[in-house]
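K.L.:
My structure is below; once you've seen it, I'll send some questions.
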Amino acid sequence: MAEVPEVEIIVRDLRQAVVGRRITDAEVLAPATVRFPSPPDFIEALRRRRIMEAHRRAKFILLPLDDGRTLAIHFMLWGDLKLRAQGSERAPATLVVFTLEGGEELHLTDTLGYARVAVGSAAEVTSRLKLDELGPEALDDDFTPEVLTRQLRRRKSPLKTVLLNQRVLAGLGNRDADESLWHAGLDPRRLASSLTSGEVARLHRAIRAVLEEGLSLRGTQKDLFGVQGQAKHRRNVFGRTGAPCPRCATPVSHLRIGGRNTHWCATCQPETGMKAEPPAQASLL
């Protein structure tokens, strides 16, 4: 599952191996993948354009080009990007192929077919993809407990729902939200506005720790070069319904909150949320 750590690793790999190179051609194998402009115009917009930088905003990969336009890529759930030798066999799930100068290609794949791309001026990409409506980035240096407090204080929805609201916090995904709440000892059903300052500080530390651990292990998917990341997709509670909690052995609970599968430990994450500190933490792995 492509969440912030997985997308950030790809962005860092693109800076290393692709930034500074020209796109000599592109081929759209699944027209629905292109959000805008039309697939023929998308291809023409990319031909002979040099990739100048690589950025991430939430789960969007943003590649500014030498003519002022920006190529945007979003993996959705299971999208992936691989750097391959030109003429390499294309997987059945390949959606778009970008040919680079120097005899290599970027293959955008997605077994579900949900991944999307777009190209336009920086202003158009920001407006049409609503990038200016996104909340703060959890990995930025200026994401502090005070910022998180401000984002949560008036939210009368369950914590899990609020953490997945991209206008509240940019890019935090389902897996990492569950893991962060487990590390913080907070019930995902709590109202976001009910957290004390101490609980917000715990949640802030947990979010940063979960994301930074994912980055240090290079995510759960293969990187741009096909090397498998070492982070576990099924970690402490996420996707482990009924399995023993690593801290206390209570069976992991499951519920759909806001339409999203949610996993937590009823003992370590009490519904009252009034524990001063969670129990001694298990390994972040």
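K.L.:
Separation of region 231-267 and region 1-69 by C-alpha centroid, Å?
P.N.:
The distance from the Cα centre of region 231-267 to that of region 1-69 comes to 35 Å.
K.L.:
For Cα pairs less than 8 Å apart in space and 6+ apart in sequence, what is the mean separation divided by the residue count of the chain, i.e. the relative contact order in percent?
P.N.:
Computed value for the chain: 18 percent relative contact order.
K.L.:
On the protein heavy atoms, probe 1.4 angstrom, tell me the percent of accessible surface of the chain carried by carbon and sulfur.
P.N.:
51 percent
K.L.:
Quick check: from the Cα gyration tensor, does region 120-179 come out rounded (a/c under 1.5), prolate or oblate?
P.N.:
Prolate is the answer for region 120-179, as a/c is 1.5 or above and a/b outweighs b/c.
K.L.:
Once you list every other residue whose beta carbon is under 14 Å from the beta carbon of K232, what net charge do they have if Lys and Arg are +1 and Asp and Glu are -1?
P.N.:
After counting each charged neighbour, the total is -1.
K.L.:
I need the peptides 115-124, 19-28, 158-167 ranked by packing, meaning the mean over residues of other C-beta atoms within 10 angstrom, with the highest value on top.
P.N.:
Answer by packing, highest mean first, reads 158-167, 115-124, 19-28.
K.L.:
Right, another one. Based on DSSP H runs of at least 4 residues, each adding -39500 (n - 2.57), what is the mean residue ellipticity at 222 nm of the chain after dividing by all its residues, to the nearest 500 deg cm²/dmol?
P.N.:
-7500 deg cm²/dmol
K.L.:
Same structure again: Measuring from a point 7 Å past the Cα of R205 along Cα-to-C-beta, which residues in region 164-187 have an amide N at less than 19 Å?
P.N.:
Within reach of a label on R205, which here means backbone N under 19 Å from a point 7 Å along Cα→Cβ, region 164-187 contributes 177-187.
K.L.:
Below 8 Å between Cα atoms, with a sequence gap of 6+, how large is the relative contact order for region 51-187 in percent?
P.N.:
Averaging sequence separation for qualifying contacts and normalising by length gives 20 percent for region 51-187.
K.L.:
A further question follows. Near A266, within a Cβ-to-Cβ distance under 11 Å, what is the net charge of the other residues, with Lys and Arg +1 and Asp and Glu -1?
P.N.:
Residues near A266 contribute -1 overall.
K.L.:
If the chain between V19 and W78 were fully stretched, how many nm would it gain, using 0.36 nm times the residue separation less the Cα-Cα distance?
P.N.:
Extra length from V19 to W78 when fully extended: 18.9 nm.
K.L.:
Taking a ≥ b ≥ c as the square roots of the eigenvalues of the Cα gyration tensor of the chain, is the shape rounded (a/c under 1.5), prolate (a/b larger than b/c) or oblate?
P.N.:
Prolate shape, in that a/c is at least 1.5 and a/b is the bigger ratio.
K.L.:
Could I ask something else about it? Extending each Cα 7 Å along its Cβ direction at T196 and N261, get the distance between those two points in nm, one decimal.
P.N.:
Going from the T196 label point to the N261 one covers 3.4 nm.
K.L.:
Let me ask another. For the chain, what is the accessible area per residue in Å² when the probe is 1.4 Å?
P.N.:
Spelled out: the 1.4 Å probe surface of the chain, per residue, equals 43 Å².
K.L.:
Moving to a separate point now. To the nearest 10 square angstrom, what accessible area does F225 show with a 1.4 Å probe?
P.N.:
Its heavy atoms expose roughly 90 Å² to the probe.
K.L.:
Of R56, R128, R15, which has the largest mean-square fluctuation in a 10 Å C-alpha GNM of the chain?
P.N.:
Fluctuation is largest for R128.
K.L.:
Separate question: Using a/c under 1.5 as the rounded threshold, could you call region 16-120 rounded, prolate or oblate? The axes a ≥ b ≥ c are square roots of the C-alpha gyration tensor eigenvalues, and prolate needs a/b larger than b/c, oblate otherwise.
P.N.:
rounded
K.L.:
Another question, if that's okay. Excluding F36 itself, what net charge comes from residues whose Cβ is under 9 Å from its Cβ, given Lys and Arg +1 and Asp and Glu -1?
P.N.:
Net of charged neighbours comes to 0.
K.L.:
For a quick protection proxy, order the peptides 98-107, 30-39, 178-187 by their average other-Cβ count within 10 Å, most packed first.
P.N.:
Ranked by mean Cβ neighbours within 10 Å, highest first: 178-187, 98-107, 30-39.
K.L.:
Now for a different question. Hey, what did region 108-217 get for relative contact order, percent, Cα under 8 Å, at least 6 apart?
P.N.:
Rounded, it is 27 percent for region 108-217.
K.L.:
Give me the distance in nm between label points sitting 7 Å out from Cα along the Cα-to-Cβ direction at D141 and S88, one decimal.
P.N.:
3.5 nm
K.L.:
Report the Cys residues of the chain lacking a disulfide-compatible partner, meaning no second Cys Cβ under 4.7 Å from their Cβ.
P.N.:
Flagged as lacking a Cys partner: C248.
The values are calculated or read from the model by the stated rules, or taken from the named source; none is laboratory data. Note that this is a predicted model, so its numbers are computed, not measured. For neighbour counting, all protein chains shown are included, and Cβ atoms are generated from backbone atoms with ideal geometry for every residue, glycine included. Heads up: the accessible areas ignore ligands, DNA and RNA and are worked out on the full protein's heavy atoms, side chains in. Shrake-Rupley method; radii C 1.70, N 1.55, O 1.52, S 1.80 Å.
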